[in-house]
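Computed from the coordinates by the stated procedures, all read-outs in this text should not be read as laboratory data. Predicted model only: the values in this text are computed from it and were never measured. Here the Cβ is made from the backbone with ideal geometry for all residues, glycine too, and neighbour counts use every protein chain on show.
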Amino acid sequence: MKSENLIPSSFHDETQAKSVFQDFYTRYYRMLVGYAMSFVKSEGDAEDIVQDVFITIWTKRDDLKKDHTRMMRLLYVSIHNKCLDFLKHSTVERIYASNASAQMTEYEMESEIFAAEMYSRIFTYIDTLPDRQRKTLLLAMEGKTNAEIAEEMQVKIETVKTQKYKAISTLRTVVSKEECLLLFLLLDSDIFK
């Protein structure tokens, strides 16, 4: 099932809505947990955050536009915000529960917030890419190989490599060096394999 078709234009049938939402959840859950872990460092906490975001989206599904790109942006922004809230809450708990040496320093907190904002900017830039480049890059970020991406998009492997190259080249002109490095890490650094 292609990712663009995972979210129907409307949920008239509750059974269909549950099925489509479950497919969407199954497809993106692990990737989103990985994204959340880049902030909170604990897999359990990251899983809780992602599940909370999915529950919120499910309860507000009738108010949402059923567009894949908007849904992905909403997921990433929601997870980003929940992670920041979690980090702020965790910091407050540490202040009251620990001595000063065990507390997160202001520098560490600023670093985590900076990283979260960098993730958000990267995904905002990715959303501005031409459709084929964006899809190719997002599939690569899911950990798919060029062959898997080519099969899913029904194109040649060389086309996938070209789309990745164009996407990375475009992004390199608008992102900072740090964001570019983070992007390569998100792509597991083997972007042209």
**Report entry** Subset of K82/K177; K41/K135; K18/K144; K135/K161 violating a 18 Å alpha-carbon distance limit
**Finding:** K82/K177; K41/K135; K18/K144
Report summary line: Going fewest to most other Cβ atoms within 10 Å around each Cβ, I113, I49, I55 line up as I55, I113, I49
Report summary line: A correct Kirkwood calculation over the Cα atoms of region 16-87 returns a hydrodynamic radius in Å of 12.3
